[in-house]
Amino acid sequence: MLPVVALVGRPNVGKSTLFNRLTNTRDALVADYPGLTRDRQYGQATYDQKQFIVVDTGGITGDEEGIDAQMAQQSLMAIDEADVVVFMVDARAGLMPADQAISDHLRKLDKTVFVVANKVDGIDGDSESAEFYSLGLGTVYQIAAAHGRGVTQLLELSLAPL
Ligand code: GDP
Ligand code: MG
């Protein structure tokens, strides 16, 4: 069984962009509106001769009704089956109530979680991601999934325990 890395977070934080980069595909639809991915999507990735499965998820809005509830359910299942959770937040949008809700859930679990502030291209990453330390999930890693910045470091760290 290959190790499983799940990408979770609010819609629109860049999960599918990172999924495509890690899997070297365009399998996940990327758009600047939320809620495009309803189900979980699986892809295979390799880094430094290590193979792993990446799971893209629709996202958790923190306000789960109707289709959002299904999407959140899929995200919870992805978390459940993951060896490592990459919890993505949006450094440009800042800390949102849904980030807090997701974090509250993750903190209850015995999972390895990496908090990743995405979209740090063209902004002051250190100051824009500082507020995510209040989620209480440890170090906030900075990436720009669309450009690849920080992704190698994230892989080094997140795959190390696997
Ligand atoms: P998802 O809903 O979490 O899967 O987010 P997507 O991957 O669909 O991305 C949402 C939007 O954010 C799209 O318009 C992306 O092009 C944009 N985006 C993703 N990663 C980055 C990034 O590193 N920098 C910037 N500036 N935009 C990004
Ligand atoms: Mg998506």
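Just so it is clear, none of the values below were taken in a lab; they were calculated from the coordinates. Just so it is clear, the structure is predicted and the values come from calculations on it, not from any experiment. A quick note on method: Cβ atoms are made from the backbone with ideal geometry, for glycine too, and the neighbour counts reach across all protein chains shown.
Here are a few things to note about the model shown:
- Kirkwood radius, segment 97-162, all distinct C-alpha pairs, inverse of mean reciprocal distance: 12.7 Å.
- Partner aspartates and glutamates whose Cα lies under 16 Å from the Cα of LYS111, excluding those fewer than 8 positions away in the same chain, are identified as ASP80, GLU81, ASP83.
- If the segment from TYR133 to LYS111 were pulled out straight at 0.36 nm per residue, it would be longer than the present Cα-Cα gap by 6.1 nm.
- The value obtained for segment 49-119, namely the Cα convex hull volume divided by the number of residues, is 100 Å³ per residue.
- With the simple model of a label 7 Å out from the Cα in the direction of the Cβ, ASP39 to GLN73 spans 1.4 nm.
- Contact order relative to length of segment 76-161, as percent, for alpha carbon pairs under 8 angstrom and 6 or more apart: 28 percent
- Annotation: peptides 132-143, 82-93, 9-20, ranked by per-residue average of other Cβ atoms within 10 Å with the highest first, follow the order 9-20, 82-93, 132-143.
- Neighbourhood net charge (11 Å Cβ-Cβ; Lys/Arg +1, Asp/Glu -1) for VAL116: +1
- For LEU2, neighbours were defined as the other residues whose beta-carbon sits under 10 Å from its Cβ, and their charges (Lys and Arg +1, Asp and Glu -1) total 0.
- Each of ASP126 and THR152 was given a label point 7 Å from its Cα along the Cα-to-Cβ line. The distance between the two points is 2.2 nm.
- Divided by 2.2 N^0.38 Å, where N counts the residues, the Cα radius of gyration of segment 4-159 comes to 0.93.
- Most to least packed among 144-150, 155-161, 112-118, 97-103 [average Cβ atoms within 10 Å]: 112-118, 97-103, 144-150, 155-161
- Summarising the strand pairing of the chain, around 30 percent of its internal DSSP beta bridges are antiparallel.
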